[in-house]
Amino acid sequence: MLPRYKILCVDDEPANLRLLERLFRQSYDVMTAESGAEAIKLLESYDFAVVISDQRMPEMTGLDLLKQAAEMRRQTVRIMLTGYTDAATLVEAINSGVVYKYLTKPWVNEELLATIKRALQHYEAMKAQRQLQSQNERLQTRLTLMRQRLLELVGDFTSKISREAGEKSRRLYNLAAGVGEAFGLEHLELENLKSAAALKEAMSLDIPLDIRTNPQALSSEKYKEIKLAFSMSLDRLFGLPELEEAAITIGSVYERYDGLGFPSGLKGEQIPLLSRILAAADALDDLMHKGRFKTGSASTDAIISLEKKAGTELDPNIVNVLKEMRRRRPIVLEESDLVFS
């Protein structure tokens, strides 16, 4: 047997409450309150599907009661009964979402019963929506934890193959995250960027170091060989839905802003934004750790060298963001404090 819906009727006139109780009691569990304060106590103890309240009551109006009910029981559908014309109150109540519907007194029983039926349908729809939202939130939490654990495992694996590559993965993860935040990325985009940064070195172990700066120097056969190996490496990520965006980002990280890059010769904004951000962070890391600017923070000389790549290898806008980050505070690239988080 299905549980009966609970309905709370609130009115300071006992005669009205008796009428409402007789009208609903055959189909619903009905509780009554003669004041807003009494109704609040009932709302603290019971989960009502619908609250029906008179507007004009002493000490607490119906609108004030329904506002509190909305905070206490978000799924409860709220209906107002009013025996006088107060357009401003009704407009405020409906526009704010506090009141689902209002009816004038004296009410028509058939109309009120039909309104309650629609209100319960709305209640079920809202409850299902909130359950779905809760399920989605739990799923997203699980996926986030899975992704973090996977990144940790890949980082450990990369470090075992190459200590240098493992260290760079951690530096790049943190640096790309900082650039993404400065660039104003939304949460999901930022998470995808961080994943790509963490995985980029593992997916690129067989890529020659000069593939971005001078891919034309490779023979046609060698170029095809590297392209195939890179594609096969990325295909492993495309089998994991939570990392597909990361794979897309890594797949274009060796493109050049001037269209002379690897593997597809994409140009300018044809290159995905996350790929352009990761490429700039990767170039800065290389300057700091493979060039002549190996210090604990991004020196002015390193930023100047990075600027020389703007418009050719790198997106000028993203280089400017890195330059602004350097102006505001040093960009720390030491390995000791870098972790995936």
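The numbers here are math on the coordinates, done by the rules we state, and not lab data. The model shown is predicted, which means the values in this text are computed figures rather than measured ones. Positions of Cβ are generated from backbone atoms using ideal geometry, with glycine treated the same way; all protein chains shown enter the neighbour counts.
How do 240-252, 219-231 rank on mean C-beta neighbours within 10 Å, highest first?
Packing order, densest peptide first, comes out as 240-252, 219-231.
Using packing as a proxy for protection, rank 255-266, 97-108 so that the peptide with the highest average count of other Cβ atoms within 10 Å comes first.
Ranking, from highest mean packing down: 255-266, 97-108.
Please sort 120-129, 277-286, 64-73 by packing, taking for each peptide the average over its residues of neighbouring beta carbons within 10 angstrom, highest first.
Ranking the peptides 120-129, 277-286, 64-73 by packing returns 277-286, 64-73, 120-129.
Which entries in Lys6/Lys41; Lys168/Lys224; Lys67/Lys101; Lys168/Lys222 show an alpha-carbon gap greater than 22 Å?
Lys168/Lys224; Lys168/Lys222
Could you tell me how far the Cα centroid of segment 234-249 sits from the Cα centroid of segment 23-60, in Å?
Each part reduced to its Cα centre gives a spacing of 53 Å.
In segment 39-76, which residues have a backbone nitrogen under 19 Å from the label point lying 7 Å from Ala128's Cα in the Cα-to-Cβ direction?
Hits in segment 39-76 for Ala128 at 19 Å: 49-50, 75-76.
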